[in-house]
Amino acid sequence: DTAVSQTPKYLVTQMGNDKSIKCEQNLGHDTMYWYKQDSKKFLKIMFSYNNKELIINETVPNRFSPKSPDKAHLNLHINSLELGDSAVYFCASSQDRLPTQYFGPGTRLTVL
Amino acid sequence: AQSVTQLDSQVPVFEEAPVELRCNYSSSVSVYLFWYVQYPNQGLQLLLKYLSGSTLVKGINGFEAEFNKSQTSFHLRKPSVHISDTAEYFCAVSEYGGSQGNLIFGKGTKLSVKP
């Protein structure tokens, strides 16, 4: 069983559209994260959620909004997509803010 | 503010040769340290971690790393690499008592193993 899963794996869309990426973890963790990996492979944290509470927001545009229906899921909604949003987005999870994080397979978003 | 520097963006090496991937960090407080590996078109896999205790940590696939507090380094080593080790390797750090869970990554080192 996959520990951290993301859907879709690939997402191609037009500028201005709204899209969502889903993340689920079956590790029983209560903290989940979203990271963005740019074209140069640089990884940067975007959000984290602990027990449905946003605890990190690293100057991400408000077009991006995380939504957590329960502690096993953290979805990423993106409004009015721009060319610069093209990247690979990774979901991760950890137990109770412990430092070790486990990552999903990534979602490659391409905005045309 | 904490930061991570991976000194080599690319490391080419022949199969069965030893390899060292260098990582230095900067932080005003104590840290946890990690190495992750990303195979082509795949996600990030945890290779090894230093949380506390012995400064020499062993990970998966025969890799090990040594935490050196005085030199603020956490270099990754393998005595004999295989073709299958070709991947991107990321060093990461998070602070004790900081924005817990906030992993700061280096820019990655691409390891290319040649036959």
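Of the residues that make up the range B:71-86, is at least one within 14 Å of another protein chain (Cβ to nearest Cβ), over 23 Å from A:S94 (Cα atoms), open to solvent by 20 Å² or more (accessible area, probe 1.4 Å) and out of contact with any Lys or Arg (no Cβ under 9 Å at 6 or more places or on another chain)? Spell out how you get there, then give the answer.
First, the residues of the range B:71-86 that are within 14 Å of another protein chain (Cβ to nearest Cβ): B:74.
The next check asks that each one be over 23 Å from A:S94 (Cα atoms); those that pass are none.
For the range B:71-86, residues within 14 Å of another protein chain (Cβ to nearest Cβ), over 23 Å from A:S94 (Cα atoms), open to solvent by 20 Å² or more (accessible area, probe 1.4 Å) and out of contact with any Lys or Arg (no Cβ under 9 Å at 6 or more places or on another chain): absent.
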Whichever residue in the range B:88-105 is open to solvent by less than 10 Å² (accessible area, probe 1.4 Å) and of a type in the set (G, A, S) and, among such residues, is modelled with the lowest pLDDT: B:G101
I need every pair where a residue in the range A:31-45 that is surrounded by fewer than 19 Cβ atoms within 10 Å (Cβ to Cβ) has its Cβ under 7 Å from the Cβ of a residue that is among the hydroxyl-bearing types (S, T, Y), sequence separation at least 6 or different chains. A:K44/A:Y35
Can you find, within the range A:22-60, the residue that is nearest to the other protein chains (Cβ to nearest Cβ) among those that are closer than 24 Å to B:T5 by Cβ and acidic (D, E)? A:E58
Does at least one position in the range A:72-90 carry a residue that is of a type outside the set (V, I, T), within 12 Å of chain B (Cβ to nearest Cβ), open to solvent by less than 50 Å² (accessible area, probe 1.4 Å) and in contact with a strand residue (DSSP E or B) (Cβ under 7 Å, 6 or more places away or on another chain)? yes
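If only one of A:I21, A:I78 is farther than 28 Å from B:Y89 by Cα and either at pLDDT below 95 or touching a Ser or Thr at 6+ places or on another chain (Cβ under 8 Å) (or both), which one is it?
Working: A:I21 fails: farther than 28 Å from B:Y89 by Cα.
On inspection, the qualifying residue turns out to be A:I78.
A:Q14: at negative phi, touching a His at 6+ places or on another chain (Cβ under 6 Å) and open to solvent by 40 Å² or more (accessible area, probe 1.4 Å), yes or no? Show your work before the answer.
Details: at negative phi: yes; touching a His at 6+ places or on another chain (Cβ under 6 Å): no; open to solvent by 40 Å² or more (accessible area, probe 1.4 Å): yes.
Against the criterion (at negative phi, touching a His at 6+ places or on another chain (Cβ under 6 Å) and open to solvent by 40 Å² or more (accessible area, probe 1.4 Å)), A:Q14 does not qualify.
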All-but-one check, B:S28 against (1) within 13 Å of chain A (Cβ to nearest Cβ); (2) open to solvent by 30 Å² or more (accessible area, probe 1.4 Å), failing number (1)
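The values are calculated or read from the model by the stated rules, or taken from the named source; none is laboratory data. Every value quoted in this text rests on a predicted model; they were computed, and no experiment measured them. Positions of Cβ are generated from backbone atoms using ideal geometry, with glycine treated the same way; all protein chains shown enter the neighbour counts. To get the accessible areas, we keep the full protein, side chains included, count just its heavy atoms, and leave off ligands, DNA and RNA. Shrake-Rupley method; radii C 1.70, N 1.55, O 1.52, S 1.80 Å.
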